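Report on one structure; see the data block that follows.
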Amino acid sequence: MNAPRLVIGDGHLGIWGALRNVWPEAEEQRCWNHKVLNVLEQLPRRQQAVAKPMLRAIAYAPTRAEAERKRKAFEAWCHRHGYGKAAETMGRDWERMVTFYRYPKEHWRHLRTTNVVESPFAALRLRTDAAKRFKKVERATAVIWKMLMVAQTRFRRLSAPELLAKVYAGARYEDGIEVAERGVAA
């Protein structure tokens, strides 16, 4: 496999260390859904309903500058209410959280989270106990494979697949919009 341009993952440090060893040129994007859950864990349950829309607003900000402004506002809210640990959690790994702004805006919905990969496997996890009852590994494997084939029919198609060639070729984007190299038109 050639080096990927971007790898999306949760906060597990092992994946980022391994990534740097195998593909040091690959960019890193932290999963927003995992980050939001991590931040919410640092808040009392009664404040989570207030914080969640603020966190979503950060993740879905139209520009990186706007995301940073909203992050600072959220961190200020945390400090005002005595939730410094939540503010610290939000700020941790910030550069990995906003990598998607350097890719086409049409791809952002695919790049913000790992859930598109995790969701098909959630249904499989529910059925692993049943699969353990099969007497032959091949039969359990066949059931799992068939379940993945059914799940595949519901996968979301990539938005703007025609931009993949540009991304692979190294086109630069700022806030989702392609920027021209010096002396070269975009």
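For the reader, a short list of remarks on this structure follows.
- The residues in region 54-78 that are out of contact with any helix residue (DSSP H, G or I) (no Cβ under 6 Å at 6 or more places or on another chain) and outside any loop (DSSP other than H, G, I, E, B) can be counted, and the count is 9.
- Glu174 being open to solvent by 40 Å² or more (accessible area, probe 1.4 Å), closer than 27 Å to Gly11 by Cβ and at pLDDT 75 or above: yes
- Some residue of region 40-55 being at pLDDT 95 or above, under 23 Å from Gly9 (Cβ atoms) and exposed (fewer than 14 other Cβ atoms within 10 Å of the Cβ): yes
- Considering only residues in region 137-169 that are assigned to a loop (DSSP other than H, G, I, E, B) and either in contact (Cβ under 8 Å) with a residue 40 or more places away in the chain or among the aromatic types (Phe, Trp, Tyr) (or both), the one that is least open to solvent (accessible area, probe 1.4 Å) turns out to be Ala160.
- Residue within region 112-133 that is modelled with pLDDT of 95 or more and of a type in the set (A, V, I, L, M) present: no
The values are calculated or read from the model by the stated rules, or taken from the named source; none is laboratory data. These numbers come from a predicted model, not from an experiment. Every residue, glycine as well, gets a Cβ built from its backbone with ideal geometry; the counts of neighbours run over all protein chains shown. Heavy atoms of the whole protein, side chains included, go into the accessibility calculation; ligands, DNA and RNA do not. Shrake-Rupley method; radii C 1.70, N 1.55, O 1.52, S 1.80 Å.
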